[in-house]
Amino acid sequence: MTPTFQNGEILPAGANAAVLTGVEPMYAGRERGEHWSGRMVRYLVRSVTAFLVGLAMLTGMAAAQDGPLRIEITEGVVEPLPFALPAFVAQGAEAQQYAEQITQVISQDLTGTGLFREIPRSSHISQISSFGSPVQFSDWRAINAQALITGEVSSDGSGRVVVKFRIWDVFAGQELGQGLQFSAGTDGLRRLAHKVADQVYTRITGEDPYFDSRVVFVSETGPKDNRSKRLAIMDYDGANVRYLTDGNAIVLAPRFSPTGDRVLYTSYESGSPSIRVLSVGDGGSRNLQVGQGMTFSPRFSPNGQTVVYSQSEGSNTDIFAMDIATGQSRRLTSTPSIETAPSFSPDGSRIVFESDRSGTQQLYVMPASGGEAQRISFGQGRYGTPVWSPRGDMIAFTKQNAGRFHIGVMRTDGSEERLLTASFLDEGPTWAPNGRVIMFSRETQGAQGSSSLYSVDISGRNLQRVRTPSGGSDPSWGPLQ
Amino acid sequence: MTHISKALLIVAALGLAACANPSRFGPGGGMDGGAGAGAGAGGVVPGSASDPQSPAYFRESIGDRVFFAVDQSTLSPEARATLDAQADWLMRNTDYQAVIEGHADEQGTREYNVALGARRANAVMEYLTSQGIAPSRLDFVSYGKERPVAVCSDESCYSRNRRAVTIISSSALTG
């Protein structure tokens, strides 16, 4: 299923490129916008929300006065950057449909972030009929395209599709970064498009990419009192849904491994909740033998070798850690209260979890080996399902207060709490691999209520439903592929 | 109703039907005034709700469930009265075991509610044990908020979903 990519082969500089960059190290996918030299147009970004200033400082993303063509994601209000995306030039009749599809997915990726706005093709003055031809920048300036993406799609007739592309800073009149090419089988067209869009996104925002990633979640069908739940995996945008379990047993809260090769989840297959691990490649699953009684709420450590989870012994629920290789478990908490929803810091040194030891659900941080825990949530209401950001700088959580549910983020010491959403029932945040977008479940109210997946920026902007074939809950966002 | 509890009931019914002890079909000594119980032995359909020694009778006449306040696992006086009757029935019907299912309403995060359901089921287990039921006859499972019986999103439904249900099963087949 997974197409083999020839990843990130650098093209010679484009015809208009002002600076020939020469031989540079293989593109690593992590270069930031500020690394590009030359005169760049700084795109107008407007911040109107003072509370975000602290966050911008925290992440070192405060807008510079003379930056490159870029968008600051942490800003409260961003005027979407207008870009032009002429249909990629098809080399040969077979490539025609591929080119159209790839171009469309690139557009959906970019506009779906809320950070970019596509200028309709009907407004284009220049037509791109050849990938190698010089770009008429004046034609693109005239329609106020800040960025221009040109590309070419070819097929060698043996099921191999190659896409080449360049990103242009229209007002600077030069190429933004280097042209690249990717190739894949015909089953990998969407991934090719995600790869291209990731490059555009990362070069203009300075953030790490995330479009070429997958999400494992619980697919839901049926009424509230007879709901069927199946594990499913999909692309980040809801495409290519594949089911991993049948609907015979309740399944809860799947969690991707750090490399995306395995999924931990809670299953009622045995009649009582227990933790299973599933191999994404072949779909096989097995029970993780983690002691007696109910076990649930599992999550991988950053190195993929340890599972933290909850175990209920009598009325008491505590957190344990199991070494997957040896099967040895050790207790991390030992209070008579409910301790659950553990999540590691990305460096593996600490665990954030929820506990009602104070009387209500609150968030705590403890060393990964257990020991004394520090409470970090002190606002009104109850806090649960904490998840450490992959960047390490923030913790996302579910907050319940005054009859409403919220998805929020706070710094790892509990400061700078910000609520991103509000509804009848929002829960279970998961981070995009770049730590800039959060996906979660939203259940609607009433007898006909159903659950869907949503995503939102960490700024609270761009709340969007993620379209899935049926209901969805408990998303877990995997790594960049 | 869950797959497992359906299965248990079927198993229990089969187990009862196979039981050759005729005394089980008589009016239970001291089991006075069970609603729906036929007055004479002839009027009792074994295994039906009219048979005081049947799981159906337990479910419908004793009362198989108790209810809890929001985010609580404390047993109310009403709950304790129901559990007294459950314990009484279990003391008389020693062939049976019971699985206590703990449930929560939808106002809560998923995993916390699993743990909360475990708390509620255990409150029931501990109470039944205190009334003399052998712990070996009891087990528990929590469904959290996964198996509501009432689907509306207000207190009239929530109060029915915050529950612990005692599911009777045949010891001969589960032990």
> Quick one: is residue A:239 within 30 Å of residue A:198 (Cα to Cα), out of contact with any Phe, Trp or Tyr (no Cβ under 9 Å at 6 or more places or on another chain), open to solvent by less than 50 Å² (accessible area, probe 1.4 Å) and away from chain B (no Cβ under 14 Å)?
Replying inline: yes
>> Taking the conditions exactly as written (without any contact (Cβ under 8 Å) to a residue 40 or more places away in the chain, in a strand (DSSP E or B) and either within 14 Å of chain B (Cβ to nearest Cβ) or at negative phi (or both)), does residue A:311 satisfy them or not?
In response: yes
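Rundown of residues vs (1) aromatic (Phe, Trp, Tyr); (2) open to solvent by 20 Å² or more (accessible area, probe 1.4 Å), yes/no style:
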{"position": "A:358", "(1), (2)": "no, yes"}
{"position": "A:363", "(1), (2)": "no, no"}
{"position": "A:371", "(1), (2)": "no, yes"}
{"position": "A:378", "(1), (2)": "yes, yes"}
{"position": "A:381", "(1), (2)": "no, yes"}
{"position": "A:384", "(1), (2)": "no, no"}
{"position": "A:393", "(1), (2)": "no, yes"}
> Are any of the residues in region B:79-90 open to solvent by 40 Å² or more (accessible area, probe 1.4 Å), away from chain A (no Cβ under 14 Å), without any contact (Cβ under 8 Å) to a residue 40 or more places away in the chain and among the hydrophobic types (A, V, I, L, M, F, W, C)?
Replying inline: yes
> Counting only residues that are within 14 Å of residue A:315 (Cβ to Cβ), among the hydroxyl-bearing types (Ser, Thr, Tyr) and facing another protein chain (nearest Cβ under 10 Å), how many does region B:113-145 have?
Replying inline: 1
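Which ones in region A:436-473 are within 14 Å of chain B (Cβ to nearest Cβ) and open to solvent by 10 Å² or more (accessible area, probe 1.4 Å)? Before the answer, list the steps.
If we filter region A:436-473 for residues that are within 14 Å of chain B (Cβ to nearest Cβ), which is where we start, we get A:440-451, A:471-473.
Answer for region A:436-473, where residues must be within 14 Å of chain B (Cβ to nearest Cβ) and open to solvent by 10 Å² or more (accessible area, probe 1.4 Å): A:442, A:443, A:444, A:445, A:446, A:447, A:448, A:450, A:471.
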> over 15 Å from the mean Cα position of the chain (by Cα), within 14 Å of chain B (Cβ to nearest Cβ) and open to solvent by less than 10 Å² (accessible area, probe 1.4 Å), is that true of residue A:218?
Replying inline: yes
> What is the residue count in region B:130-145 for residues that are open to solvent by less than 10 Å² (accessible area, probe 1.4 Å) and on the phi > 0 side of the Ramachandran plot?
Replying inline: 1
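Kindly check whether there is at least one residue in region B:18-27 that is at pLDDT 50 or above and not in a helix (DSSP H, G or I). Please lay out each step first, then the result.
Here is the first cut: in region B:18-27, the ones at pLDDT 50 or above are none.
Looking through region B:18-27, none of the residues is at pLDDT 50 or above and not in a helix (DSSP H, G or I).
Given the condition among the aliphatic types (A, V, I, L, M), outside any helix (DSSP H, G or I) and open to solvent by less than 10 Å² (accessible area, probe 1.4 Å), answer yes or no: does some residue in region A:190-211 qualify?
Looking only at region A:190-211, we keep the residues that are among the aliphatic types (A, V, I, L, M), and these are A:192-193, A:196-197, A:200, A:204.
The next check asks that each one be outside any helix (DSSP H, G or I); those that pass are none.
For region A:190-211, residues among the aliphatic types (A, V, I, L, M), outside any helix (DSSP H, G or I) and open to solvent by less than 10 Å² (accessible area, probe 1.4 Å): absent.
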> Is region A:373-381 home to any residue that is touching a helix residue (DSSP H, G or I) at 6+ places or on another chain (Cβ under 9 Å) and within 13 Å of chain B (Cβ to nearest Cβ)?
Replying inline: no
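Mind listing whichever residues of region B:96-128 are of a type in the set (A, V, I, L, M, F, W, C) and either without any contact (Cβ under 8 Å) to a residue 60 or more places away in the chain or open to solvent by 10 Å² or more (accessible area, probe 1.4 Å) (or both)?
So in region B:96-128, the residues of a type in the set (A, V, I, L, M, F, W, C) come out as B:98-100, B:104, B:114-116, B:118, B:121, B:123-125, B:128.
Of everything in region B:96-128, those that are of a type in the set (A, V, I, L, M, F, W, C) and either without any contact (Cβ under 8 Å) to a residue 60 or more places away in the chain or open to solvent by 10 Å² or more (accessible area, probe 1.4 Å) (or both) turn out to be B:99, B:104, B:114, B:115, B:116, B:118, B:121, B:123, B:124, B:125, B:128.
Given the residues B:33, B:38, which is the only one that is exposed (fewer than 15 other Cβ atoms within 10 Å of the Cβ) and at pLDDT below 95? Show your work before the answer.
Working: B:38 fails: exposed (fewer than 15 other Cβ atoms within 10 Å of the Cβ).
Of B:33, B:38, the one residue that is exposed (fewer than 15 other Cβ atoms within 10 Å of the Cβ) and at pLDDT below 95 is B:33.
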> Taking region A:289-300 as the search range and keeping residues that are open to solvent by 10 Å² or more (accessible area, probe 1.4 Å) and either in contact with a Gly (Cβ under 9 Å, 6 or more places away or on another chain) or small (Gly, Ala, Ser) (or both), which one is nearest to the other protein chains (Cβ to nearest Cβ)?
Replying inline: A:293
> So, of the residues in region A:252-277 that are within 14 Å of chain B (Cβ to nearest Cβ) and hydrophobic (A, V, I, L, M, F, W, C), which turns out to be surrounded by the most Cβ atoms within 10 Å (Cβ to Cβ)?
Replying inline: A:264
> Quick one: how many residues across region B:146-161 are more than 8 Å from chain A (Cβ to nearest Cβ), among the polar types (S, T, N, Q) and crowded, with 17+ Cβ neighbours inside 10 Å?
Replying inline: 1
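The values are calculated or read from the model by the stated rules, or taken from the named source; none is laboratory data. Fair warning: this is a prediction, and the values are worked out from it, not measured in the lab. So basically every Cβ, Gly included, is an ideal-geometry build from the backbone, and we count neighbours across all protein chains shown. The accessibility values were calculated without ligands, DNA or RNA, using every heavy atom of the protein model including side chains. Shrake-Rupley method; radii C 1.70, N 1.55, O 1.52, S 1.80 Å.
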